[in-house]
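What follows is a single structure, written as structure tokens, with notes after it.
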Amino acid sequence: MNKVKISYNLALICFCMQFVLLAAGTFDRPDIKIDTAWALLIGIILTAIKGIPWLVLIPGIIMKSSRIMAWMSYVCLVYFIVWVLAAFSEQDSVLASLGVAVTLLQFSAAAYYTRLIKNS
């Protein structure tokens, strides 16, 4: 498989994982009880609000734009800060540690994709 395809697919997988982690972080709190459909809808809306910077990038990601992939790298840095703060604020936060790892992987893959496209 081509390096460009591998880096793009890896960045895309991590992109999707970010939404899963954001949703898990939204619903995995002791003060939130999901006992009605309304509570579930509010949780989904909160996850979408947290993911607005990612949602803006979707059209460019579909078009495989190198500029959007570069912007994805910058957006990753913001979420990296959020995940690191969450990892240090809670005891044994596996979710936050996983978020840090996924964000690092996504940043590296998006930056590598951008570099490969610019050099070719």
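The values are calculated or read from the model by the stated rules, or taken from the named source; none is laboratory data. Note that the structure is a prediction, hence the values are computed from the model and not measured. Glycine gets a Cβ as well: all are built from the backbone with ideal geometry, and neighbour counts include every protein chain shown.
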If ASP31 meets every condition in (1) buried (at least 16 other Cβ atoms within 10 Å of the Cβ); (2) modelled with pLDDT under 90 apart from one, which number is that one? (1)
Taking the stretch 56-80 and keeping only residues that are surrounded by 12 or more Cβ atoms within 10 Å (Cβ to Cβ) and either in contact with a strand residue (DSSP E or B) (Cβ under 6 Å, 6 or more places away or on another chain) or under 18 Å from THR26 (Cα atoms) (or both), one is left with TYR79, PHE80
For the stretch 1-52 the number of residues that are in a helix (DSSP H, G or I) and either of a type in the set (Asp, Glu) or closer than 19 Å to ALA101 by Cα (or both) is 22
Using the structure shown, decide if LEU55 is hydrophobic (A, V, I, L, M, F, W, C), in a helix (DSSP H, G or I) and farther than 22 Å from ALA87 by Cβ. yes
Selection status of PHE107, part of a helix (DSSP H, G or I), at pLDDT 90 or above and either of a type in the set (Phe, Trp, Tyr) or touching an Asp or Glu at 6+ places or on another chain (Cβ under 6 Å) (or both): yes
